[in-house]
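Structure first, commentary second.
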Amino acid sequence: MITEQKQHVLAYLNKGLRYDGRKPLDYRNVTIEYGITKSAEGSARVRIGDTEVIAGVKMSVEKPYPDTPDKGNLMVNAELRPLASPKFETGPPGDQAIELARVVDRGIRESEAINVHDLVIKSGEMVWSVMIDIIPINDAGNLFDAAGLAALAALRDARMPGITALNKADYDNRTDKKLPLKHEPIPVTVLKVGNTLLVDPLSDEEDVVDARLTVCSTEDGSLAALQKGGEHPFTIEEIDQIIGIAQENAKMLRSKLAR
Amino acid sequence: MPYPKRFDGRKFDETRPIVAKVGVIPRADGSAMFKIGNTVAYAAVYGPRNLHPKFMQDPKTGILRCDYNMLPFSGHGERVRPGGGRRAREISMVTENALRPILDLREYPNTVVDVFIDLPQTDAGTRCAGITAAAMALADAGIEMKDMVAAVAVGNVQGSIIADLTYDEEQNKTETEGVADIPVAFMPNSGKVTLLQMDGKVGRAELKKALELGREVCKKIAEIQKAALRAKYMGESQ
Amino acid sequence: MEELKMQDKAVVVPGDTVAQGMGFLPSKGTYRENDKIIANRVGLLSVEGKVLKVVPLAGSYMPKIGDRVLGQVSDVLFSGWRVELFGPYSSVLGVKDATNEFIGRGANLAEIFGLGDLVVCKIVNVTSQKLIDVSLRGPGLRKLKGGRLIKVSPMKVPRIIGKDGSMVSMIKQATGVNVVVGMNGMVWIDGTPEGEIVAVETIDKIQNEAHQPGLTNKIKEFLEQKTGKKVEPRALAEGE
């Protein structure tokens, strides 16, 4: 049963238009600001149209996990704070926040964007723990892409703290040393509504989604993470088409990172 | 020995540099950002809106509900675990009490006005920045308010009464002299106090001086709040 | 001492002293404190003789009897429907107020209005507890099919409608789009996708420039430039 709302969105798509006048494969205007909060080791703000997301990186010195004595730790967390949308509530992260965090996490982790071996201070005893927190400030659609981009930008912005005599992070004395970033995984989300594929969805479009695919790709085009959402299926051809769209837009977004 | 000069060279009644902006979160009914020194607070207002669960509704009036939260990367040192905790709950509560005196929500029975305050960067004076941002956001949402509310932390550091303490000043205890950190909020027209807390040690006479200083500083902050509101709305009406 | 402290049409914010003196009369948006008249919301000061009030520039919709509003059916009740008004209060549409036709006792109400249906209705009663009754009996009141709903500030609604509906009329002339504006800040537009996009842009422009002088002309020029059609700010015809 197609709702009237969806019918209306489809009527637009039949004419190659979206509610804000874009064509289906047009991306909204993207801006990235670095170093937006001094208390974080690295931080960034990403705006995609009216959607605004900030991310911060905190680091600390920890013991490595017993089964990986030569690897540092990486954690990605996302909170959908209610200030960003009337749909968000206070309380612990719900499904949407968890999915957002885990998809961004996989993109960074599976692409080995950070060389976790380079985070080791003393094998088996001390490693750096890198914690990324992603917080939307205004949700106007497409939080996945904004979150992934903000996390990456915050990692690029990050500078490692020093180490105190007691082997703890020295937040008062930051070094100039950047994080060992090897790759730049960027998620791009494509929605299917009816028969049309759209990139960079608006909230109205997310409300009538049939299926969605978030594709995280690195600078050489290889895929680091995939996440399908929505209740409807994709054909293999559609997926292949979406990968192409995602790789192209990831390239465009990556060019915005450079500063 | 009295605190001869402040660490950052400010005068005793001088606040750190302030930036105030209104209407920064389009999805909210009202919103504002207030930055004082290195402390930054966002406030978003949603409401009056439906209140669930029903048993919380008040048939005589709308209710104000504030939620204060520091973001995980906002602290000086280690990451702050999300989830608020007891400190955040207490601050949420005193924030509500600081704002209630200016509001009359009897026109909105059974509803709630939600105020969400999030801080991405903190360097002392956080609850005060939150309250100050919240008042702007409430006005931006078009809610009726008798007056603005502005807040600042005043204190007694080594015998000197100062306004807008930084983190370093809060920590600056010596053996003989205490430090008092006194967050206060005022309604600028009446000069009445809507928030008063104190951490530390202060005598009666010093407290009175600190409150009087707070009143003067809050009046100045209120002018900045109003200017930020005017900047948004005059932009629309010119 | 009788003195007006701020001018007519000045932007006022809560706590602003707009006048001093016992001869002034506080009205909506202002109150008296001793000998001062003080603004209690963000808006434009309106000075009419000694009466001072504030025309709000922001705020939520306060339901008023007689207002035409846009609502969405959210529940089917025993003898009517619950209609959300996109604000803090929902309303009830009773069976007897639903249409001009007779609805029998055993009728399936969900077939007349289902969940999600959009309606243009009129507020016929508001209690002190803000319980609202609406009716669909009256000219122009009906279920809306298709179209797109956008939210605007309830305070800007009169400007969006324009004098005698002149703004809405110009939008229709230029784009062919039907525009129905609810006092509760909801606007329904229905036309071709290209036309609707121009209509939405126009309404955004009206909102952003609501209190600037010469707005009607600016909108006329904007629409003519966007669509190439000539428009006249005339009154909205019956049935438009």
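If I fit a long axis through the Cα atoms of helix C:215-227 and take the longest principal axis of the Cα atoms of chain C, what angle between them do I get, 0 to 90°, rounded to 10?
Result, in degrees: 40.
Is there a pair in A:LYS87/C:LYS151; A:LYS6/A:LYS87; A:LYS15/C:LYS226; B:LYS192/C:LYS36; B:LYS226/C:LYS218; A:LYS168/B:LYS5 whose C-alpha atoms are over 22 Å apart, and which pairs would that be? Provide the component values of the computation, followed by the final result.
Numbers: A:LYS87/C:LYS151 16 Å; A:LYS6/A:LYS87 20 Å; A:LYS15/C:LYS226 18 Å; B:LYS192/C:LYS36 17 Å; B:LYS226/C:LYS218 30 Å; A:LYS168/B:LYS5 33 Å.
Where the Cα-Cα span goes over 22 Å, the pairs concerned are B:LYS226/C:LYS218; A:LYS168/B:LYS5.
If a/c stays under 1.5 just call it rounded; otherwise compare a/b with b/c (prolate if a/b is bigger, oblate if not). Do that for chain C, with a ≥ b ≥ c from the square roots of the Cα gyration tensor eigenvalues. Can you show the working numbers first?
Working: a/c = 2.81, a/b = 1.34, b/c = 2.10.
Since a/c reaches 1.5 but b/c is at least a/b, the shape of chain C is classed as oblate.
Where a ≥ b ≥ c are the square roots of the eigenvalues of the C-alpha gyration tensor, would you call the protein assembly as shown rounded, which needs a/c under 1.5, or, failing that, prolate if a/b is larger than b/c, or oblate?
Values: a/c = 1.99, a/b = 1.15, b/c = 1.73.
The shape class here is oblate.
If the cut-off is a Cα-Cα distance under 17 Å, which lysines reach A:LYS182, setting aside same-chain residues fewer than 8 apart in sequence?
A:LYS71, A:LYS251
Checking the cross-link filter: which aspartates and glutamates have an alpha carbon closer than 13 Å to that of C:LYS50, excluding same-chain neighbours under 8 positions apart?
C:GLU2, C:GLU3, C:ASP8
So, how do all the Cα-to-Cα distances of the stretch C:3-56 break down into 5 Å bins, in percent, from 0 on up?
Answer for the stretch C:3-56: a P(r) of 5, 27, 40, 22, 5 percent.
Specify the inter-centroid distance of the stretch A:1-45 and the stretch A:126-170, based on alpha-carbon positions, in whole Å.
What the calculation gives is 24 Å, centre to centre.
Answer with one residue from C:ALA10, C:GLN207, C:GLY21: the one whose Cα lies farthest towards the positive end of the charge dipole of chain C, charges on Cβ with Lys, Arg +1 and Asp, Glu -1.
Result: C:GLY21, furthest along the dipole toward the positive end.
Can you return the aspartates and glutamates within cross-link range of C:LYS172? Criterion is Cα-Cα under 17 Å, with same-chain partners fewer than 8 residues away left out.
C:ASP164, C:ASP190, C:GLU194, C:GLU196, C:GLU201, C:ASP204, C:GLU221, C:GLU224, C:GLU232, C:GLU238, C:GLU240
Round to the nearest 10 and give me the degree value, 0 to 90, for the angle of helix A:143-157's Cα axis relative to the longest principal axis of chain A.
Between the helix axis and the principal axis of chain A, the angle is about 30 degrees.
Rounded if a/c is under 1.5, else prolate if a/b beats b/c, else oblate: with a ≥ b ≥ c from the C-alpha gyration tensor eigenvalues square-rooted, which is the stretch B:18-237?
In terms of gyration-tensor shape, prolate.
Helix A:95-110 sits at what angle to the longest principal axis of chain A, using alpha carbons and giving 0 to 90 degrees rounded to 10?
The two axes meet at around 60 degrees.
With labels modelled as points extended 7 Å from the Cα through the Cβ direction, what inter-label distance (nm, one decimal) is found for A:GLU238 paired with A:LYS15?
Rounded to a tenth, the inter-label distance reads 2.4 nm.
Given A:LYS178/A:LYS256; B:LYS232/C:LYS205; B:LYS21/B:LYS146; A:LYS38/B:LYS201, which pairs have Cα atoms separated by over 25 Å?
Details: A:LYS178/A:LYS256 19 Å; B:LYS232/C:LYS205 16 Å; B:LYS21/B:LYS146 21 Å; A:LYS38/B:LYS201 31 Å.
From A:LYS178/A:LYS256; B:LYS232/C:LYS205; B:LYS21/B:LYS146; A:LYS38/B:LYS201, over 25 Å: A:LYS38/B:LYS201.
In terms of modelled amide H atoms, which long-range or inter-chain residues lie less than 5 Å from the amide H of A:SER217?
For A:SER217, the qualifying residues are A:ILE186, A:VAL188, A:ALA224.
In whole Å, what is the distance between the alpha-carbon centres of the stretch C:148-226 and the stretch C:119-143?
23
Just how large is the dipole of the stretch B:79-121 about the Cα centre, in debye to the nearest 20, putting +1 at every Lys and Arg Cβ and -1 at every Asp and Glu Cβ?
380
Order by neighbour count: B:TYR68, A:TYR65, C:TYR89, fewest other Cβ atoms within 10 Å first, most last. Don't skip to the end; give the middle numbers.
Details: B:TYR68 27, A:TYR65 11, C:TYR89 24.
Taking fewest neighbouring Cβ atoms as first place, the list is A:TYR65, C:TYR89, B:TYR68.
For labels at B:GLU90 and C:ILE103 in the simple 7 Å Cα→Cβ model, what's the distance in nm?
Once both label points are built, they end up 5.6 nm from each other.
Roughly what would the spin-label model give for B:MET198 and B:TYR167, points 7 Å off Cα along C-beta, in nm?
It is 2.6 nm.
Cα centroid distance between the stretch A:191-207 and the stretch A:48-109, in Å?
Each part reduced to its Cα centre gives a spacing of 24 Å.
None of the figures in this text is laboratory data; all of them are computed from the coordinates on show. Keep in mind that this is a model prediction, so the values were computed, not measured. Quick reminder, even Gly has a Cβ in these numbers, built from the backbone with ideal geometry, and neighbours come from all protein chains shown.
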